[in-house]
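First the structure, in the form of structure tokens, and then the observations on it.
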Amino acid sequence: MTPDGSRSAHNERFGEAYGSRHGAATQARHVFVEGSGTHQHPAPRVLEIGFGLGVNFRATLADAARRGAALSYLAYEFDPAPAEVLCEVAQGGAGAGHPLWPELLRLWPGQAGAATDRVQVTHGDVTLTVQFEDVLGAGLPAGWATALYLDGFSPVRNPEVWTEAFVARLAGALAPGGVLTTYSAAGRVRRALQAAGLDVERRPGAPGKRECLRAVRPA
């Protein structure tokens, strides 16, 4: 349980929590949903690097449902957590009451008859696709995302998704005017975003972090 009443979990492989210990749901809203402007977009297309426990997705889902906005959400997850962990973390949280969430858990890897390469669920104007593959070798959709959530484990623990080469690929997945947001404010991350041709700015961080980064692909 984190101070804002939301839950997270510890990943033993990377030695870090999936979400902020200072408030997992607050970080999802502040850094990703609001930081990218997704909460104001009439029909956002979100690309997430690191689906994790689904906290960012549920925050985005809850916002879209509240506004009646269409939402297309594509996430990459190399090492999916068990469905029961996703379920426990989501209890009482934003988006957990939406009909799409239990349908996702029903199709999640490890459940009877579930696919192991991808899952796609649709409810009304909301579609979620989770690709279970190493995003480093994946074919990202060019010029597609209005928002990109870069939410891998930290650059120290998971350096592969923060390199200049990979960040350049992420920049190519943004639509013109699209926004990449991340909780990290590390200098090397900022420089990688700038090297990819994005306009980078520092923002106040979520609780526990002084700053985070927002980067825009020029229109």
If a/c stays under 1.5 just call it rounded; otherwise compare a/b with b/c (prolate if a/b is bigger, oblate if not). Do that for the range 1-118, with a ≥ b ≥ c from the square roots of the Cα gyration tensor eigenvalues.
oblate
For the range 45-75 and the range 160-219, write down the distance between their C-alpha centroids in whole Å.
19
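At 222 nm, what value in deg cm²/dmol follows for the chain if DSSP H runs of at least 4 each add -39500 (n - 2.57) and the sum is divided by all its residues, to the nearest 500? Spell out each step's value before the answer.
Values: 6 runs with 52 residues, N = 219.
Mean residue ellipticity, 222 nm, calculated: -6500 deg cm²/dmol.
Give me the net charge for the shell around ALA195: Cβ to Cβ below 11 angstrom, other residues only, Lys and Arg +1, Asp and Glu -1. Numbers along the way, then the final one.
On the way: positive: ARG188, ARG190, ARG191; negative: GLU164.
Spelling it out: positives minus negatives among the neighbours equals +2.
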Accessible area per residue of the range 76-219 at 1.4 Å probe, in Å²?
46
Non-local amide H neighbours of CYS212 (under 5 Å, H modeled in plane, Pro and chain starts lacking H): which ones?
ARG203, GLY205
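Explain nothing, just the number: dipole magnitude of the chain about its Cα centre with +1 on each Lys and Arg Cβ and -1 on each Asp and Glu Cβ, in debye rounded to the nearest 20. Spell out each step's value before the answer.
Working: 21 positive and 21 negative charges, 136 e Å.
Result for the chain is approximately 660 debye, rounded to the nearest 20.
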Counting only residues 5 or more apart in sequence or on a different chain, those whose built amide H sits under 5 Å from that of PHE153 are none
Write down, largest first, the equivalent ellipsoid semi-axes of the chain in whole Å, where each equals the square root of 5 times an eigenvalue of the alpha-carbon gyration tensor.
24, 19, 18
Which residues in the range 3-43 have a backbone N closer than 20 Å to a point placed 7 Å from the Cα of ALA219 along the Cα-to-Cβ line?
34-43
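Could you work out what % of the accessible surface of the chain is carbon and sulfur, using a 1.4 angstrom probe and leaving DNA, RNA and ligands out of the count?
Numbers: 4700 of 9600 Å².
Roughly 49 percent of what the probe reaches on the chain is carbon or sulfur.
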Hey, what D do you get for the range 18-62 in µm²/s if you plug the Kirkwood alpha-carbon radius into Stokes-Einstein at 37 °C and 0.692 mPa s?
307
Counting Lys +1, Arg +1, Asp -1, Glu -1, what net charge surrounds ALA59 among other residues with beta carbon under 12 Å of its beta carbon?
-2
Does the range 120-218 classify as rounded, prolate or oblate by the C-alpha gyration tensor (a ≥ b ≥ c root eigenvalues; a/c under 1.5 gives rounded; else a/b over b/c gives prolate, otherwise oblate)?
rounded
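The values are calculated or read from the model by the stated rules, or taken from the named source; none is laboratory data. Predicted model only: the values in this text are computed from it and were never measured. Backbone-built Cβ (ideal geometry, glycine too); neighbour counts: all protein chains shown. The area values use the complete protein model at the heavy-atom level, side chains included, leaving out ligands, DNA and RNA. Shrake-Rupley method; radii C 1.70, N 1.55, O 1.52, S 1.80 Å.
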